[in-house]
C-alpha cells in the first residue's frame, strides 16, 4: 500500500517536471543545437581572458572591501536591532509585545535580502548604504529569533538576584543575563556574518554596492574580460570565507 | 598581591576595543552607512506613499491572472531547474565519489593515488559551480539566452548540480560499500554495481535532500527574477520600479504563502520518502 | 524595629501551604538562626523577607516599610538595603569574581557607572577587601566557574557584604563547606554584622553551628514557629521535637543531623 503510494508520488513528480518544461516552453534540443552552442561558446570565450590590469584590480580590491564592510556593518546593526527585538520576543515585556515582535521578526526574515535591497535602493538611493540596510533588516529578523530562543533558555536566577538587591532592569540584564548568553549571541552573529559576506557580493545587482554592482555594470557594458575577473574575485572571496569558517569552527567549536 | 593590583584583563580588553574601533571606522565609511537618508523629507514622503499603497493589495482580475502565471512560472523554473540539476549531479556525484573505484577493490577500500587524483577535477568543478552564487549564473545566462525563465532554469541547474553532486558523493560514500564491492568483485559492470549495490541504500537520503533543495530553489527562483530570469521576482521588480505598492504587496504575500506551502509540502514529502 | 511579621501565611501557586500564621519581631542588629527539618519553610520565610515572595495573608514590615504597598521604584530602593545570600549563589559561570561581587552595589550605582564597571572594574580595592575577609583575595580575577562549591558560597557572601545592606538574609550560607571552614565563615559573617550594625538572619542545617554562632534561635517546622528563644535556653527536648520523625520522610529528603555538608557546585 505504502509502496504503491510511493510509486504514485514518484510518477507525480515526473509529471510535474514534464509539465514544468512544457509550461516554460523550454526546448532543450534547441538549446543544445549547434547554432546556439556556438553562440554560447562565443559568449563564454569572452570570459576566458580575465582583465588583470592594475587599475582594474585596484577597483576590484575596493569592491571586495566594500562588500566586506557592508556585510560587517549590516551584521553589526542586525545584531543590535535583533537584541533589541529579542527582549520582547522572549516574553520579557508582556504577551502583547511578544506576539507583535514575533510577527515583525518573521516578516523581516521571510523577505529575502535581495528584495529588501531593491526596496532600500528605492528608499535610500543607489550604493552600499542600501545594501547595508537591506542586510541589517533581513538579518535582524534571523538573529532576533535566534537571540530570543537563547534568552529563553538561559537561567533567570542571576538577573533575579540582582533585581532583589535593588538593581535596575538594564543593570540586571547586563550583569545577570548577558554573561551567560553572549558567547551564543556572538556565535550566531559570526555565522550570519559569514552568510552575509556571500549575500553582500550579489546585492549590487539591484544597485546596492559592492562587487555585485561592478559585475552588473561591466556585464551591461559587454566588458566580459572585466566581468570575468570580478567573478573570480567573488569566487575567491566565497572560498576564503568558507575555508576560514571551517578552520575556526574546527579550532573553537568542536574541540 | 602587588601583581594583581590592576585588572590583568584590562590591557587585552583595551587592545580589543582599539582594534574594533580601528576596523569599524573604515567599515563605516566604506559601507557609506547613513540612516539619515531614510528620514529625509522627500525620500520619506515618496516611501510613505509607496508603503501606504500596500493596503489594500492589488486584486484586479487581469493582475490576478498575471500573478497566477508568474507564480506558476516560478514553480516551473524551480522544478525544471531541479530536474536538470539532478541529471547533471548524478554522474558528477558518481565520478567524485570512490564507491565504484575498481582500483580500491583489491586495496581494502583505499583507491590508488592516481584514482584519487583523477577525482579532483570533478570535485573542483563542483566547487566552482556551487560557489558562484546562483544569481550570478542567472545574470550570465540572461545575457547569453535573453530575458526570461530559461536563464533561471539554467542557473538553478548549474548551481544546484554543484550542491547536489557534492552531497550525493558524500551519501554514496556513507552507505555500506560491501554490496557494491561484492558485485564489482563478481565481475558486474560499474553501472550495474551502482544500481544494485549503492542506489537502493542511498535513494531515500538522496531524494530527501533533493526535495529540500527544491524548496530552496523556489526561493532562489524568486530572487533571480530581479536580474530578469522570469517568474514572480521579475514581476516584483517591475512593480517596484513603477512604485505600484499594492501590486508589490500582493506579490510579496503570494511569495510568502508559496514559501510556506513549499516548506510544508517538502516536509510532508521527506517524511514519506525516508 | 527592623522586621515585624503579624499572622503572615504563604500558600504556593500549587496549593501547598509553606508558612502559616507567623508572628515575629526582630530588632535592629540582632543575629538570628533559623533551624528546622528540610521542608519546614526556612527558605520560603527568607525569600518572603527578601520581598521575593508576596505573602498570601498577614502583615509584613521590613526596615519600617511594607514592600508590597510601595511603588516599584520605592520597593527597589528598599531592596538595596536588604542582602540575600543564596545557598547556591546565582553567579553567572563565565563572569569574573570581581564583577560578580561588584554587582552587589548595582542598586546604588548609576547605569553609566554599572556599564563602565562591566568593562573595567572601578572599585578593585573595595571588592578585594570583602573577598580578603573570606580568604578569597587571590580569586579576584578568576572566573566563577573555576571556584569550588564552598568558594562560590563565600564569593556570594562577599557580594552581599559589598552591597553593605542593613539586613542580611542567608539561606544555608555554608552548606558546601567543611565543618572548620563553615564555622570560620559563620564567625566572620557574624563579626561583620556586629561591627557594621547589620541585622543577620541565617537558616542552617547544622544545629551546633546555629547554637554556637547566633544569640537567638528560631525553630521552624511545617510552616510554624515551634520555638523562638536565646541559644543558651534551647533544650535538647525541643530539638528532638523539632527534628522528630525526620527519618520517616521519603529517603530523598531524609538528612541526618550531622550530614549537612553536601558539596554543591554551580
Check: Between residue B:178 and residue B:203, what FRET efficiency follows from the Cβ-Cβ distance if R0 is 25 Å, with the result rounded to 0.05?
Finding: 0.90
Notebook entry, point to check: Angle, helix B:61-96 long axis vs. longest principal axis of chain B, Cα atoms, 0 to 90°, nearest 10?
Noted result: 30
Checklist line | Dmax and Rg, reported as Rg then Dmax, of region A:141-182 (C-alpha, Å) | finding: 10.9, 35
Margin query: Can you compute the modelled spin-label distance between residue A:96 and residue A:3, with each label point 7 Å from Cα toward Cβ, in nm?
Written below: 6.0
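Order of A:214, B:240, A:40 from fewest to most other C-beta atoms within 10 Å?
A:40, B:240, A:214
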Margin query: Averaged over its residues, how many other protein chain Cβ atoms are within 10 Å of peptide B:207-217's Cβ atoms?
Written below: 1
Notebook entry, point to check: How large are Rg and Dmax for chain B when only the alpha carbon atoms are used, in Å?
Noted result: 26.1, 82
Notebook entry, point to check: R0 = 60 Å: FRET efficiency of residue C:28 with residue B:52, Cβ-based, nearest 0.05?
Noted result: 0.35
Notebook entry, point to check: Hey, fewest Cβ within 10 Å first, where do C:187, A:218 land in order?
Noted result: C:187, A:218
Notebook entry, point to check: Normalised by the residues of chain C, what does the relative contact order come to in percent, with Cα pairs under 8 Å and at least six apart?
Noted result: 27
Checklist line | Alpha-carbon radius of gyration plus Dmax, which is the widest Cα pair, for region C:173-214 in Å | finding: 9.9, 28
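Determine, for each peptide in C:94-104, B:137-147, the mean count of other beta carbons within 10 angstrom over its residues, then list the peptides with the highest first.
Details: C:94-104: 24.4, B:137-147: 20.9.
Answer by packing, highest mean first, reads C:94-104, B:137-147.
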Check: How many angstrom lie between the C-alpha centres of region C:111-187 and region A:1-66?
Finding: 65
Next item on the list: Treating each Cα of region C:97-163 as an identical point scatterer and ignoring solvent, apply the Debye formula and state log10 I(q)/I(0) at q = 0.14, 0.20, 0.21, 0.27 Å⁻¹.
Entry: -0.35, -0.71, -0.78, -1.20
Next item on the list: For residue C:61 and residue C:38, calculate 0.36 nm times their separation in residues minus their Cα-Cα distance, and state this gained length in nm to one decimal.
Entry: 5.7 nm
Check: On full extension of the chain, what length is gained from residue A:11 through residue A:45, given 0.36 nm per residue of separation minus the C-alpha to C-alpha distance?
Finding: 8.2 nm
Check: What per residue convex hull volume, in Å³, comes out for region C:10-124 when only alpha-carbon positions are used?
Finding: 158
Margin query: Taking the Cα centroid of region B:76-90 and of region B:1-61, what is the distance between the two, rounded to the nearest whole Å?
Written below: 40
Next item on the list: Using a 10 Å cut-off on Cβ atoms, rank the peptides C:145-153, B:264-272 from the highest mean neighbour count down.
Entry: C:145-153, B:264-272
Check: Other chains' Cβ within 10 Å of A:114-127 residues: what's the mean?
Finding: 5
Next item on the list: Return the average number of partner chain Cβ atoms within 10 angstrom of each residue Cβ along peptide C:113-121.
Entry: 4
Next item on the list: Mind pulling the angle between the C-alpha long axis of helix C:179-196 and the longest principal axis of chain C? Nearest 10 degrees, somewhere in 0 to 90.
Entry: 80
Check: Given only helices, namely DSSP H runs of n ≥ 4 each adding -39500 (n - 2.57), what is the per-residue ellipticity at 222 nm of the protein assembly as shown, to the nearest 500 deg cm²/dmol?
Finding: -20500 deg cm²/dmol
Next item on the list: Would you calculate the separation in nanometres between label points at residue C:12 and residue A:190, each defined as 7 Å from the Cα along the Cα-to-beta-carbon direction?
Entry: 4.1
Note to self: Show me the ranking of peptides A:159-166, B:192-199 by mean Cβ neighbours inside 10 Å, starting with the highest.
What the structure shows: A:159-166, B:192-199
Next item on the list: Can you tell me the alpha carbon radius of gyration of chain C divided by the globular rule-of-thumb value 2.2 N^0.38 Å?
Entry: 1.00
Notebook entry, point to check: For chain A, treating each Cα as an identical point scatterer without solvent, what Debye log10 I(q)/I(0) comes out at q = 0.08, 0.13 1/Å?
Noted result: -0.50, -0.99
Checklist line | Neighbour-count order for C:144, A:93, fewest beta carbons within 10 angstrom listed first | finding: A:93, C:144
Next item on the list: With a point put 7 Å past each Cα toward its Cβ, work out how far residue B:147 is from residue B:25 in nm, to one decimal.
Entry: 4.7
Next item on the list: Could you state the angle between the C-alpha long axis of helix B:10-30 and the longest principal axis of the C-alpha atoms of chain B, as a value from 0 to 90 degrees rounded to the nearest 10?
Entry: 70
Next item on the list: Starting from the coordinates of the alpha-carbon atoms of the protein assembly as shown, obtain the Kirkwood hydrodynamic radius over all distinct pairs and give the value in Å to one decimal.
Entry: 31.7
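No value in this document is a laboratory result; all are computed from the given coordinates. Source: prediction; values computed, not measured. Glycine gets a Cβ as well: all are built from the backbone with ideal geometry, and neighbour counts include every protein chain shown.
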